[in-house]
Amino acid sequence: DAGVIQSPRHEVTEMGQEVTLRCKPISGHNSLFWYRQTMMRGLELLIYFNNNVPIDDSGMPEDRFSAKMPNASFSTLKIQPSEPRDSAVYFCASRGGATTGELFFGEGSRLTVL
Amino acid sequence: AQKVTQAQTEISVVEKEDVTLDCVYETRDTTYYLFWYKQPPSGELVFLIRRNSFDEQNEISGRYSWNFQKSTSSFNFTITASQVVDSAVYFCALFNSNSGYALNFGKGTSLLVTP
């Protein structure tokens, strides 16, 4: 079975450019999470979707960040405009059952903003 | 508030040594789940184990074992006879099914196993 699929794996861009990260959750999973990992702050939850609906985006750093989940098999995280401090690894994860808690992570998208 | 503390930032051991990674958590809830994830140098996050708050039985899986003690709010992870392939960052995490919806991760412990 395919796991969580993220693209691109690596992205290098210049400050001010728009960045779009993509995620395909595991088929049948109804919850999707975007996390950001940095050395300073560790793994931080950015936003959580349940049945394609954003439940809590309180972790989204600022208005430059936005996330969508137009259907059960696809989600995007967009940063516009990007800044050097956005450089991090962005992970997408999905979960099948609300009471289980176990998250399955993608391989991450490493973003470098110059 | 929920909090996960992994006090050990980095640990270095020689191959075949046993090593214990500490995890202390805080929660006011009686129902919760604890997790360990492994992040090898390749970067992916690999699920290792999940325990619920009603099951304090220790678990062993090969060279890995977990010691869950509610009295001390700890969920420690021991690797017996460590190997170089065990080198990774290990994360402890807490999930609460009532008031939480995502995993709250500790800062991680970086384990280096040298030959």
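Bear in mind that the values in this text are calculations on the coordinates, not laboratory data. The model shown is predicted, which means the values in this text are computed figures rather than measured ones. Reconstructed Cβ throughout: ideal geometry from the backbone, glycine too, with neighbour counts over all protein chains shown.
Tell me, which longest segment in chain B has none of the trypsin sites (Lys or Arg not before Pro) that fall in DSSP loops with at most 14 further Cβ atoms within 10 Å? Provide the component values of the computation, followed by the final result.
Details: sites that count: B:K16, B:R28, B:R63.
Excluding the exposed sites themselves, the longest stretch runs over B:64-115.
Which trypsin sites (Lys or Arg not before Pro) does the stretch A:1-79 hold that lie in a coil by DSSP with at most 14 other beta carbons within 10 Å? Mind dumping the intermediate values first?
Values: sites: A:R9, A:R22, A:R36, A:R41, A:R64, A:K68, A:K78; in loops: A:R9, A:R41, A:R64.
Here the trypsin sites (Lys or Arg not before Pro) that fit, given the DSSP loop and packing criteria, are A:R9, A:R41.
Give me A:I5, A:I47, B:I79 sorted ascending by neighbouring Cβ count inside 10 Å, so fewest comes first.
Working: A:I5 15, A:I47 23, B:I79 20.
The most exposed by this proxy come first: A:I5, B:I79, A:I47.
Near the amide H of B:I11, under 5 Å away, which other amide H atoms are found, from residues 5 or more places off or on another chain, if H is placed in the peptide plane?
It is B:S110, B:L111, B:L112, by chain and number.
Have a look at A:M40, A:L77, A:N52 and report the one farthest towards the positive end of the charge dipole of the stretch A:13-114, computed about the Cα centre with Cβ charges (Lys/Arg +1, Asp/Glu -1).
Farthest towards the positive pole: A:N52.
With +1 assigned to the C-beta of every Lys and Arg and -1 to the C-beta of every Asp and Glu, and no other charges, what is the dipole magnitude of the stretch B:16-115 about the Cα centre in debye, to the nearest 20? Show your work: numbers first, answer last.
Values: 8 positive and 10 negative charges, 21 e Å.
For the stretch B:16-115, the charge dipole is close to 100 debye.
Using the Karplus curve 6.51 cos²θ - 1.76 cosθ + 1.60 with θ = phi - 60°, what ³J(HN,Hα) values do you get for each residue of the stretch B:49-64, in whole Hz, with x for Gly and Pro?
Rounded to whole hertz, the list is 7, 10, 10, 9, 5, 9, 10, 9, 5, 6, 10, 10, 9, x, 7, 9.
Which aspartates and glutamates, on any chain, are close to B:K3 with Cα under 17 Å apart, when same-chain ones fewer than 8 places away are left out?
List returned: A:E44, B:D22, B:E26, B:D29.
Principal axes first, then extents: for the Cα atoms of the protein assembly as shown, list largest minus smallest coordinate on each axis, whole Å, largest first.
The Cα atoms of the protein assembly as shown stretch 48, 41, 35 Å along their principal axes.
Using Stokes-Einstein with the Kirkwood hydrodynamic radius over Cα pairs, what translational diffusion coefficient do you get for the stretch A:9-114 at 4 °C and a viscosity of 1.567 mPa s, in µm²/s rounded to a whole number?
Numbers: Rh = 13.8 Å.
D = 94 µm²/s.
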